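Notes follow the structure.
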Amino acid sequence: MVLRRGFILFLPRLVGLLVVACCLVSIVYMLACTPKGDNQQLVLPRVHSPTVKEGYEAILQEREEQHRDYIISLKKQIAQLKAELQGRSAQLKNVQDQYPDPLDIRLDHSNPEKVQANLLAFLRSQIDKAEVHSGIKLSTEYAAVPFESFTLQKVYQLETGLTRHPEEKPVRKDKRDELIEVIELAVGTLNNPEGNSNAKHRVYSASDFVEGIYRTEKDKGTLYELTFRGDTKHQFKKIVLFRPFGPVMKVKNEDVSMADTLINVIVPLAKRASKFRQFMQNFREMGIQQDGRIHLTVVYFGKEQMNEVRAILENTSRSANFKNFTFIQLNEEFSRGKGLDIGARFWKGSNVVLFFCDVDIYFTAEFLNSCRLNTQPGKKVFYPVLFSQYNPSIIYGHHDSIPSLEQQLIIKKETGFWRDFGFGMTCQYRSDFINIGGFDLDIKGWGGEDVHLYRKYLHSNLIVIRTPVRGLFHLWHEKQCLDELTPEQYKMCMQSKAMNEGSHGQLGMLVFKQEIEAHLRRQKLSDKKT
């Protein structure tokens, strides 16, 4: 009994000693046998190794060299940042001395931290002064700074002159590097969203970039708006960036869903049944089949050819199973402004995007998305600059035949021009159109009403997006300027007619046609004599 009690009392101690022994054996095994990992971690020398001292000295020496190199690198970076900050501070001080800033942002050079804070405050103030968050009132239609648009490969620009092209790859290195930097920054912003960093999200790349627009206000900076494909067909990501003569600053990162955004295309019309048939072919393919979120309102003036136009519309409705259309007939003289105004006010549904269109316009499904993305109720209206086609008989006069319409719709200097003097094709929400007062109904006939509406928007606080778009074309048609037009309207009509026919080179060939033919005859005679 005594032995049993002694054994029971000794048992816990024995267990404890066994546990301690196991731990010591495990530690010795780990120190002696741990292999190098994938990251090449340093292994401690064995406890009983004769090279313990040399091993530790080698490790310490290597770590010391690493830290020394790291410290040298940090010192270089700090020196570079200080030099850059001093340079920026000097530049900013010079600017402030010449042009006192209304926000009174001054730099205290005795306090580097305050210098940096003031510099950042100045750069951010550039966003507030630029037309980013709200529009500013402008005096004339020529005071608006237009946007230019771009994709991964091309830039679509307004100011072409005689040497540049309306569509071209960015040749200048600074422009190419600028756009690449902006796209890369936008992709990085999408892949590093603010908020929950642990949440799963898709990885974006430059191939998801759809299109962008940008413009530079020369005393403030450059504004960029970039659109990327979202998770679904009608989902998009929009990134807004601003370069205030310095680093690009993120302004906005938002999800934009256009799945339920309906566009009401309003077309005023009188006669021109054959043109309307061509228009409906384009509308059926792009609007009904490819887009599907669209309504058509036709405002028809008079009764001549009305039955033919109505039949074209009804045939399209039956064949395409399309019911979203409205036909309004007015027994009065044609007035484009009145037709568009009546069509816009006739809509009784919820707030809708209005696309004011003409019967000689060709649009793509991509343009309809641009129309949605660049309008916002109470904030933005869209005035695209369309590409106007030259007279095909002049463009392709030297060919055996004129190509099909789809083959003609290419953006080149020889085929057309950006119609930057036209303001008739526009997208805006119905609420903005009603609030601005609509069209001036006193204007009759052709021209003038679109400029008047454009000026109204410029005089408001709405942002006017003015940019060339690659999916909107004005098809050539012979233009007649009637004697009933006012002198100003007649002048505008004749200017438009002259611009529509051909490029400078093509028109020059027509002007000097007789001289060219005489030269060819002399050349032919000369060849015969020799």
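The values are calculated or read from the model by the stated rules, or taken from the named source; none is laboratory data. All figures in this text were calculated on a predicted structure; none of them were measured in a lab. Cβ coordinates were reconstructed from backbone atoms using ideal geometry, including for glycine residues, and neighbour counts include every protein chain displayed. Ligands, DNA and RNA are excluded from the accessible area calculation, which covers all protein heavy atoms including side chains. Shrake-Rupley method; radii C 1.70, N 1.55, O 1.52, S 1.80 Å.
One residue stands out among those in segment 276-320 that are of a type in the set (Ser, Thr, Tyr) and open to solvent by less than 30 Å² (accessible area, probe 1.4 Å): the one that is farthest from Thr364 (Cα to Cα), which is Tyr300. Just checking, how many residues over segment 326-356 are open to solvent by 50 Å² or more (accessible area, probe 1.4 Å) and under 18 Å from Leu313 (Cα atoms)? Here the count works out to 1.
Would a scan of segment 327-346 turn up a residue that is more than 14 Å from Ala270 (Cα to Cα), at pLDDT 95 or above and among the charged types (D, E, K, R)? Checking segment 327-346: at least one residue is more than 14 Å from Ala270 (Cα to Cα), at pLDDT 95 or above and among the charged types (D, E, K, R).
This table checks each residue for (1) in a loop (DSSP other than H, G, I, E, B); (2) at pLDDT 95 or above.
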position: Gln153; (1), (2): yes, no
position: Lys175; (1), (2): no, no
position: Ile180; (1), (2): no, no
position: Gly188; (1), (2): no, no
position: Pro193; (1), (2): yes, no
position: Ala199; (1), (2): yes, no
position: Thr222; (1), (2): no, no
position: Thr227; (1), (2): no, yes
position: Phe245; (1), (2): yes, no
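Put simply, of Asp260, Asp341 the only residue that is in contact (Cβ under 8 Å) with a residue 40 or more places away in the chain and on the phi < 0 side of the Ramachandran plot is Asp341.
Here the condition is being buried (at least 19 other Cβ atoms within 10 Å of the Cβ) and over 16 Å from the mean Cα position of the chain (by Cα); of Ile213, Ile266, Ile239, it holds for Ile266 alone. Scanning segment 459-485 for residues that are in contact (Cβ under 8 Å) with a residue 12 or more places away in the chain and in a loop (DSSP other than H, G, I, E, B) returns His459, Ser460, Asn461, Leu462, Leu475, Trp476, His477, Lys479, Cys481, Leu482, Glu484, Leu485. Of all residue pairs spaced 6 or more apart or on separate chains, those with beta-carbon atoms under 7 Å, a first member in segment 110-133 that is in a helix (DSSP H, G or I) and a second member that is open to solvent by 80 Å² or more (accessible area, probe 1.4 Å) and of a type in the set (D, E, K, R) are Asn118/Arg106; Leu119/Arg88.
Whenever a residue of segment 288-306 is under 17 Å from Lys338 (Cβ atoms) and at pLDDT 95 or above, its partners that are open to solvent by 50 Å² or more (accessible area, probe 1.4 Å) and in a strand (DSSP E or B), lying with C-beta atoms within less than 6 angstrom and at least six residues away or across chains, give the pairs Tyr300/Gln329. The number of residues in segment 79-104 being at pLDDT 75 or above and open to solvent by 90 Å² or more (accessible area, probe 1.4 Å) comes to 4. Total residues in segment 342-381 satisfying the condition of being touching a strand residue (DSSP E or B) at 6+ places or on another chain (Cβ under 9 Å) and part of a helix (DSSP H, G or I): the figure is 13.
Pairs meeting the criteria (first residue in segment 403-422 and without any contact (Cβ under 8 Å) to a residue 40 or more places away in the chain, second residue surrounded by fewer than 18 Cβ atoms within 10 Å (Cβ to Cβ), beta carbons under 7 Å, at least 6 apart or on different chains) are Pro403/Tyr396; Gln408/Pro392.
Take the conditions outside any loop (DSSP other than H, G, I, E, B) and open to solvent by less than 20 Å² (accessible area, probe 1.4 Å) and apply them to Phe433. Does it pass?
Yes, satisfied.
Please determine whether any residue of segment 136-146 is in a helix (DSSP H, G or I), surrounded by fewer than 17 Cβ atoms within 10 Å (Cβ to Cβ), at pLDDT below 85 and outside the structural domain of Thr375 (by the TED database). No, segment 136-146 contains no residue that is in a helix (DSSP H, G or I), surrounded by fewer than 17 Cβ atoms within 10 Å (Cβ to Cβ), at pLDDT below 85 and outside the structural domain of Thr375 (by the TED database).
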